[in-house]
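> Please find one structure pasted underneath; my questions will follow.
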Amino acid sequence: MKDMKREQLLHLLGDLPEKRKMSISTLTTEERENDILETLLLDLNGIEKVPAYFVKPKNRTDKMPAVLFQHSHGGCYERGKRELTEGAEYLKAPSFSREFTSRGYAVLALDHWGFGDRRGKTESGIFKEMLLTGRVMWGMMIYDSMRAIDYLQTRSDILPDRIGTIGMSMGGLMAWWTAALDDRIKVCVDICSQVDHGTLIETQDLDRHGIYYYVPSLAKHFSASEIQSMIAPRPHLSLVGEHDRLTPVKGMNKIETALTALYQEQGASDRYRMVRSASGHFETALMRHEALRFLEKWL
């Protein structure tokens with residue numbers, strides 16, 4: 001049943017590329033004080049190559065778990081993957097690369113379509129061109145994320161069965177969509193990204209989100225909780241702000257109620273949590289604490 005739902009969801013994501021042999025170029029390798037930063041160029045989709053950062057602890061020689069870090073939007077098209085190493089004004093310090101490598105994880109971040117070293121075309125221009133040619137921008141972003149897992153599993157320094165994902169805002173949406181569509185993600189943590197599209201329609205809040213996220217006919221077939229149900233019973237933590245206008249509370253309540261019941265039915269109540277801060281659309285100290293604790297427990 002889950003496989004059928006995934007196939008239906010993938011179909012809604014437009015004409016995705018055929019999987020092909022992946023080529024990888026390592027552009028630079030930088031030994032820093034506590035970690036090693038590789039700047040990569042990955043041929044994931046056969047259309048345009050994907051710049052990426054891979055960061056790992058400096059003095060670790062055995063295989064290690066990895067996290068796929070999904071960058072946010074924030075209107076900062078120039079930032080992209082640099083959010084991993086530099087952070088953002090709405091994220092807590094230190095950066096996630098420092099947090100993860102200090103705990104023995106490796107971490108990979110991509111520049112998604114229109115961001116970082118892939119910027120040039122506008123977001124609306126990319127969306128329209130893809131729509132005209134049978135593709136869906138969000139589908140192509142998810143496709144790159146799934147191919148990024150393929151890449152991680154080729155690395156000799158990574159434990160292929162211990163890969164998690166995390167992201168804030170757009171990155172959080174990417175995290176739970178990727179986890180829903182790909183069982184190789186063992187742990188999902190999303191921050192400020194529990195968006196129920198049905199609620200957005202009811203509250204007339206659709207314009208609070210960028211055009212990149214809109215998938216033709218999605219609301220006819222799936223709610224947000226139905227997509228996220230495909231993650232169960234794998235560990236899933238959602239960190240949300242009660243005053244976040246991009247994620248209306250009514251929608252968050254619907255998602256939490258549905259997923260709590262589902263995880264209980266599957267005997268996995270301890271693997272799903274929604275933790276709320278009295279905050280808006282930014283990461284709080286509580287969120288960072290809970291995210292790290294959840295990853296340490298399950299990854």
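> Could you look through region 1-25, keep only residues that are closer than 22 Å to Met137 by Cβ and among the hydrophobic types (A, V, I, L, M, F, W, C), and pick out the one that is farthest from the chain's Cα centre (by Cα)?
Applying the filter and picking the extreme gives Met22.
> A further question on this structure: Quick one: in region 75-98, which of the residues that are among the acidic types (Asp, Glu) and over 16 Å from the mean Cα position of the chain (by Cα) is nearest to Tyr213 (Cα to Cα)?
If we take residues in region 75-98 being among the acidic types (Asp, Glu) and over 16 Å from the mean Cα position of the chain (by Cα), then Glu78 is nearest to Tyr213 (Cα to Cα).
> Related question: Given Ala93, Ala106, which one is among the small types (Gly, Ala, Ser), under 20 Å from Ala175 (Cα atoms) and at pLDDT 95 or above?
Working: Ala93 fails: under 20 Å from Ala175 (Cα atoms).
That would be Ala106, the only listed residue that is among the small types (Gly, Ala, Ser), under 20 Å from Ala175 (Cα atoms) and at pLDDT 95 or above.
> Moving on to the next point. Confirm whether Leu173 is farther than 30 Å from Glu242 by Cβ and assigned to a helix (DSSP H, G or I). Before you say what the answer is, go through the steps one by one.
Working: farther than 30 Å from Glu242 by Cβ: no; assigned to a helix (DSSP H, G or I): yes.
So Leu173 fails the test.
Table: residues versus (1) closer than 17 Å to Met168 by Cα; (2) assigned to a helix (DSSP H, G or I).
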site: Tyr212; (1), (2): yes, yes
site: Ile227; (1), (2): no, yes
site: Ile231; (1), (2): no, no
site: Arg245; (1), (2): yes, no
site: Asn253; (1), (2): no, yes
site: Ala258; (1), (2): no, yes
site: Tyr263; (1), (2): no, yes
site: Asp270; (1), (2): no, yes
site: Gly280; (1), (2): yes, no
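> Within the bounds of region 222-244, is there any residue that is among the acidic types (Asp, Glu) and within 24 Å of Leu68 (Cα to Cα)?
Within region 222-244, one or more residues are among the acidic types (Asp, Glu) and within 24 Å of Leu68 (Cα to Cα).
> Here's another thing I want to ask about it. Answer yes or no as to whether Arg135 is modelled with pLDDT of 95 or more and more than 30 Å from Lys63 (Cβ to Cβ).
yes
> Okay, moving on. Pairs, please: C-beta under 7 Å, at least 6 apart or cross-chain, first residue under 15 Å from Leu237 (Cα atoms) and touching a residue at least 60 places away in the same chain (Cβ under 8 Å) and in region 263-290, second of a type in the set (Asp, Glu) and not in a loop (DSSP other than H, G, I, E, B)?
Correct list of pairs: Met274/Glu256.
> I'd like the full set of residues that are part of a loop (DSSP other than H, G, I, E, B) and of a type in the set (Ser, Thr, Tyr), limited to region 79-130.
Of the residues in region 79-130, the ones part of a loop (DSSP other than H, G, I, E, B) are 79-81, 87-95, 103-105, 111-115, 119-122.
Matches in region 79-130: Tyr90, Ser95, Tyr105, Thr122.
For every residue, the table says whether it meets (1) crowded, with 23+ Cβ neighbours inside 10 Å; (2) under 23 Å from Ala291 (Cα atoms); (3) basic (Lys, Arg).
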{"site": "Lys63", "(1), (2), (3)": "no, yes, yes"}
{"site": "Ala66", "(1), (2), (3)": "yes, yes, no"}
{"site": "Tyr77", "(1), (2), (3)": "no, no, no"}
{"site": "Gly80", "(1), (2), (3)": "yes, yes, no"}
{"site": "Lys121", "(1), (2), (3)": "no, no, yes"}
{"site": "Gly125", "(1), (2), (3)": "no, no, no"}
{"site": "Thr133", "(1), (2), (3)": "no, no, no"}
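> Among residues belonging to region 36-74 that are under 18 Å from the mean Cα position of the chain (by Cα) and of a type in the set (Gly, Ala, Ser), point out the one that is modelled with the lowest pLDDT.
Checked region 36-74; the qualifying residue modelled with the lowest pLDDT is Gly74.
> Of all residues in region 176-194, how many are assigned to a loop (DSSP other than H, G, I, E, B) and either of a type in the set (Gly, Ala, Ser) or modelled with pLDDT under 95 (or both)? Step through it out loud before you land on a result.
Step one: filter region 176-194 for residues assigned to a loop (DSSP other than H, G, I, E, B), giving 182-184, 192-194.
Those left that are additionally either of a type in the set (Gly, Ala, Ser) or modelled with pLDDT under 95 (or both): 193.
The number of residues fulfilling the criteria is 1.
> Still on this model: State the number of residues belonging to region 1-37 that are free of Cβ contacts under 8 Å to residues at least 60 places away in the same chain, surrounded by fewer than 17 Cβ atoms within 10 Å (Cβ to Cβ) and in a strand (DSSP E or B).
8
> In region 216-261, what residues are over 19 Å from Cys188 (Cβ atoms) and either acidic (Asp, Glu) or in contact with a Leu (Cβ under 8 Å, 6 or more places away or on another chain) (or both)?
Matches in region 216-261: Pro216, Ser217, Leu218, His221, Glu242, Pro248.
The values are calculated or read from the model by the stated rules, or taken from the named source; none is laboratory data. As the structure is a computational prediction, the values presented were derived from the model and not from experiment. So basically every Cβ, Gly included, is an ideal-geometry build from the backbone, and we count neighbours across all protein chains shown.
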